[in-house]
Amino acid sequence: MRTEKLEFKYNIYNSIDELSKDEQELVKKAILAVDNSYAPYSQFHVGAAALLENGEIVQGNNIENTVSPVCICAERTALFSSAAQYPDTKILKLAITAKADNFELEEPASPCGSCRQVLVEFETKQQHPIKVILYNKNHIISIESARYLLPLTFDETRLKKH
Ligand code: THU
C-alpha cells in the first residue's frame, strides 16, 4: 500500500481591482449574466462568462425547470453556447458569480461536479487549460486550470487500454 497526496495552488484576491483588465471585464460580464438567470425554484441566480481566444466573451446563466434534472447551470450554458457559436475557438477563462434572493452569499459559488466534468472535457479537447475565476464581493478565487477541480478525473484516456 502507498498513499499519495494531491494538492494544488489557487490565488485569492480581495478586490476586483487586483485582477488583470481582461479578467475584470470578464467578471463584470458574469455579474451581468446573473440578471438573465431563470431560477424560480432555487432562487439562486448564477452568471458565468467565458473569454475565448478570439477575444469574444460568451455569457451563460442557470436555467431551471419544473422537472429539476432538466436544469442547467450557468457554467455549462456559457461553455455550450461558446461551443455552439465558436466550435473551433479555445476557451481561455471562465468567470462565475452568484446571487441568492434570500441570503447574502459570503463565499463565491463554485462549479458543481457536472460542470467540472464538462470543463475538463473542454480542456482536453482544446489542449489548453481554462482558468476559472470565482467572484464574490468579499473575495475572488482564481484557479489556473479546471483540471485541478476534478482530481483523478475520468477523461478520454480511461476509455482506452494503454
Ligand atoms: N448552479 C449553477 O448554475 N452553477 C453552480 O456553480 C452551482 C449551482 C445553479 C443550479 C441551480 O439552478 C441553482 O444554481 C441551485 O443549485
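The values are calculated or read from the model by the stated rules, or taken from the named source; none is laboratory data. Since the structure is predicted, the reported quantities are computational estimates derived from the model, not experimental observations. Because the Cβ atoms are built from the backbone with ideal geometry, glycine has one as well, and the counts that use them run over all protein chains shown. Quick note on the areas: whole protein, heavy atoms, side chains included, nothing else; ligands and nucleic acids left out. Shrake-Rupley method; radii C 1.70, N 1.55, O 1.52, S 1.80 Å.
Tally time: how many residues in the stretch 66-99 are within 9 Å of the ligand (Cβ to nearest atom) and without any contact (Cβ under 8 Å) to a residue 60 or more places away in the chain? Break it down into steps so the answer makes sense when it comes.
The first filter runs over the stretch 66-99 and keeps only residues within 9 Å of the ligand (Cβ to nearest atom), leaving 68, 71-77, 96, 98.
If we keep only those that are without any contact (Cβ under 8 Å) to a residue 60 or more places away in the chain as well, we get 68, 71-77.
Number satisfying all stated conditions: 8.
Any residue at all in the stretch 120-137 that is assigned to a helix (DSSP H, G or I), closer than 24 Å to Ile16 by Cα and open to solvent by 40 Å² or more (accessible area, probe 1.4 Å)? First the steps, then the outcome.
Here is the first cut: in the stretch 120-137, the residues assigned to a helix (DSSP H, G or I) are 120-126.
In the following step, the residues that additionally are closer than 24 Å to Ile16 by Cα were identified as none.
The answer is no; no qualifying residue exists.
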In the stretch 70-128, the residues that are under 14 Å from the mean Cα position of the chain (by Cα) and polar (S, T, N, Q): Thr77, Ser81, Ser82, Thr97, Ser110, Ser114, Gln117
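Would you confirm, using the coordinates I've provided, whether Ser42 is surrounded by fewer than 21 Cβ atoms within 10 Å (Cβ to Cβ), modelled with pLDDT under 95 and of a type in the set (Ser, Thr, Tyr)?
Working: surrounded by fewer than 21 Cβ atoms within 10 Å (Cβ to Cβ): yes; modelled with pLDDT under 95: no; of a type in the set (Ser, Thr, Tyr): yes.
No, not satisfied.
Those residues that are among the polar types (S, T, N, Q) and away from the ligand (no atom under 13 Å from the Cβ), I need them from the stretch 43-65; list them, please. Talk me through it step by step, then tell me what you get.
Just the residues of the stretch 43-65 that are among the polar types (S, T, N, Q), to begin with: 43, 54, 59, 61-62, 65.
Within the stretch 43-65, Asn54 is the sole residue that qualifies.
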Restricting the search to the stretch 52-75, which residues are out of contact with any Leu (no Cβ under 6 Å at 6 or more places or on another chain), open to solvent by less than 60 Å² (accessible area, probe 1.4 Å) and outside any loop (DSSP other than H, G, I, E, B)? Leu52, Val58, Gly60, Asn61, Ile72, Ala74, Glu75
In the stretch 84-115, the residues that are assigned to a helix (DSSP H, G or I) and crowded, with 20+ Cβ neighbours inside 10 Å: Cys115
